[in-house]
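The values are calculated or read from the model by the stated rules, or taken from the named source; none is laboratory data. All of these numbers come straight from a predicted model, not from anything done at the bench. Cβ: placed from backbone, ideal geometry, glycine included. Neighbour counts: every protein chain shown. Side chains included, ligands, DNA and RNA excluded: accessible areas come from the protein's heavy atoms. Shrake-Rupley method; radii C 1.70, N 1.55, O 1.52, S 1.80 Å.
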Amino acid sequence: TARAQKRQLALPSRDTAYTRGVNQTLDLERDLHLAIEREEFFLVYQPQMNLGSGQIVGCEALLRWQHPEQGLIPPLKFIPMLEDLGLIDRMGDWVLREALRQCASWQDTGLPLRVGINLSPRQFLDPELCNRLDHLLRDSGAPPGLVELEITESLTMQNPREAIEMMRRFRALGVKLALDDFGIGYSSLEYLLRFPIDTIKIDRAFVTNITRALEDRAIVRAVTALGQTLKHKIIAEGIETQRQCDFLEALGVDEIQGYLIGRPMSPDALSSLVEDFHRPGVEDETSATVSP
Ligand code: C2E
Ligand code: MG
Ligand code: MG
Ligand code: MG
């Protein structure tokens, strides 16, 4: 086959680090075709905490591939491959179906958690996606108001008019929209003002140095102020320390997501974590009885 030929051409017999790298990539591409039917994909969920209430109010669904030989493969490695191979639509529909099922299942057990779902650029601009999502929402029974689609800034900037039209169609279904990785792309304030979104997710890049770099702090402060003016919710990503958390709270950020609150985890682990946060601990009881 052409693919086998291509493989031969790309793989001289010399066993260098380079050819091993190419070899591994081609193997992964071949395996990706099978991985969907072999059910090697699964979703993990990372908690998002509201800084006002101290409760976990939502989570983000993140895709994982458990490769039979190579172990866990990170999404930044295989998602571009899915795009190249034209498999992203199939995979994306699977992610939507699975995340909506999980959202409905939490709702059924009395846990109305908001679930964020990442859309790849190609998915978002697919004119049929909106109809499919409509059906998937009905089939799953997930409340649309608990579903938040995450789209990236760079993608929306390429064709803002078209993007705004798509956003309107999605929001007509009752789902929420978040602008993901905000700040690292080519932001245009003018478009940000016009985007019909609900949430801005500030990228981890600005959070990492927030306690050290004046510039990063200024950016987060400005984005938060703008978000408040536009009545958007602000979620900061990648919070790893209590100091970062305190800074973000002081700046008026609404919610945080990061290893400090929890790593991406199984649905069961997340349910337990939500209950742990909910149950008043010894600390809370003390502060409730002893006023300063
Ligand atoms: P993202 O949407 O910005 O997701 C946040 C990423 O930051 C996740 O990486 C998460 O594990 C990581 N993260 C969260 N908190 C921390 C922290 O405190 N410290 C550090 N160092 N990292 C943190 P992950 O799971 O590897 O996903 C990477 C990217 O892959 C995502 O970035 C998203 O763009 C993409 N992705 C993941 N799942 C899907 C999916 O189902 N569909 C699509 N289209 N893209 C996905
Ligand atoms: Mg995301
Ligand atoms: Mg992000
Ligand atoms: Mg990111």
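Tabulated data
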quantity	calculated
Any hit, region 227-247, residues being more than 19 Å from the chain's Cα centre (by Cα), more than 16 Å from ligand 3 (Cβ to nearest atom), modelled with pLDDT of 95 or more and among the acidic types (Asp, Glu)	yes
Meets criteria (farther than 21 Å from residue 198 by Cα and among the polar types (S, T, N, Q)) for residue 105	yes
Residue match in region 206-217 (condition: touching a residue at least 24 places away in the same chain (Cβ under 8 Å), within 16 Å of ligand 1 (Cβ to nearest atom) and either open to solvent by 50 Å² or more (accessible area, probe 1.4 Å) or within 17 Å of residue 57 (Cβ to Cβ) (or both))	yes
Qualifying residue in region 104-113 (condition: under 17 Å from the mean Cα position of the chain (by Cα) and either among the small types (Gly, Ala, Ser) or surrounded by 15 or more Cβ atoms within 10 Å (Cβ to Cβ) (or both))	yes
Subset of region 140-189 (residues that are of a type in the set (Gly, Ala, Ser), open to solvent by 10 Å² or more (accessible area, probe 1.4 Å) and modelled with pLDDT under 95)	154, 183, 185, 187, 188
